[in-house]
Amino acid sequence: MANREAIRDLQARLAARLQTARTEGMSVAWLAVRAGGCNYLFPLGQSGEIFPALGVQSVPYSLAWFVGVLNIRGGLYGVVDFAGFLAQDGAAQPRTEPAPTDPSVVTLNVALEVNCALKVDDLLGLRGVDAFVSSSAPAQGAPPYFGTRFVDAAGASWQEINMRTLSQTPQFLSISA
């Protein structure tokens with residue numbers, strides 16, 4: 001129970017920092033998340049809100065990475081297991097570690113006009129360009145929604161995800177099995 005309260009507290013702090021970053025024009029550019037053992041960066045301008053992944057209702061005859069639907073503030077959102085989608089799309093290795101017990105969902109920004117939320121394993125905070133020591137273009141043959149790849153001072157690799165492009169790819173839009 002205390003773990004859920006800690007996660008909710010973290011989500012509230014991240015949401016407040018996201019709002020501050022948007023209104024004050026801070027140098028924060030991304031929401032950092034972990035999914036399937038890899039680090040990803042969601043651009044703040046393309047990210048929406050963060051919620052616990054509780055109450056997701058499964059959808060029959062859909063692909064395995066489409067977890068189901070979730071009622072968020074009265075709106076119906078499709079929930080995508082981000083790590084599962086990347087593995088199915090060939091952009092990442094299949095999950096080798098157990099799925100977390102308290103995952104979160106990050107909605108896509110309403111400006112993208114897609115009622116979708118990406119289920120991620122961990123929320124890792126906000127990042128700016130100054131958090132990284134090097135960057136490179138996406139690898140040859142990478143999915144079109146892969147943006148710049150960054151490396152931080154600890155040597156960890158971070159993949160930027162263009163959520164606008166992701167939300168428009170045929171693989172992402174086709175959920176039927």
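The values are calculated or read from the model by the stated rules, or taken from the named source; none is laboratory data. Everything numeric here is computed off the predicted structure, so don't read it as measured data. Reconstructed Cβ throughout: ideal geometry from the backbone, glycine too, with neighbour counts over all protein chains shown. What goes into the accessible areas is simple: the full protein's heavy atoms, side chains included, and nothing from ligands, DNA or RNA. Shrake-Rupley method; radii C 1.70, N 1.55, O 1.52, S 1.80 Å.
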Residue list for segment 19-41, restricted to those being at pLDDT below 65 and surrounded by 17 or more Cβ atoms within 10 Å (Cβ to Cβ): 21
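Matching residues to (1) over 18 Å from the mean Cα position of the chain (by Cα); (2) more than 17 Å from residue 82 (Cβ to Cβ); (3) hydrophobic (A, V, I, L, M, F, W, C); (4) modelled with pLDDT under 95:
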site	(1), (2), (3), (4)
117	no, no, yes, no
146	no, no, yes, no
150	no, yes, yes, no
160	no, no, no, no
176	yes, yes, no, yes
Pairs where the first residue, in segment 145-156, is β-branched (Val, Ile, Thr) and the second is open to solvent by 50 Å² or more (accessible area, probe 1.4 Å), C-beta under 8 Å, 6+ apart: 148/135; 148/136; 148/137; 148/138; 151/133; 151/134; 151/135
Segment 54-66 residues that are under 13 Å from residue 119 (Cα atoms), paired with ones that are aromatic (Phe, Trp, Tyr) and open to solvent by less than 80 Å² (accessible area, probe 1.4 Å) (beta carbon under 6 Å, 6 or more apart): 65/85
Residue match in segment 57-69 (condition: over 16 Å from the mean Cα position of the chain (by Cα), open to solvent by 40 Å² or more (accessible area, probe 1.4 Å), within 19 Å of residue 15 (Cβ to Cβ) and of a type in the set (Gly, Ala, Ser)): no
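Would you check if there is a residue in segment 127-137 being over 18 Å from residue 12 (Cα atoms), open to solvent by 70 Å² or more (accessible area, probe 1.4 Å) and part of a loop (DSSP other than H, G, I, E, B)?
Residues of segment 127-137 that are over 18 Å from residue 12 (Cα atoms), as a first pass: 128-137.
Now restrict to residues that are open to solvent by 70 Å² or more (accessible area, probe 1.4 Å): 129-130, 133, 135, 137.
Within this subset, residues satisfying the condition of being part of a loop (DSSP other than H, G, I, E, B) are 137.
So far as segment 127-137 goes, yes, one or more of its residues are over 18 Å from residue 12 (Cα atoms), open to solvent by 70 Å² or more (accessible area, probe 1.4 Å) and part of a loop (DSSP other than H, G, I, E, B).
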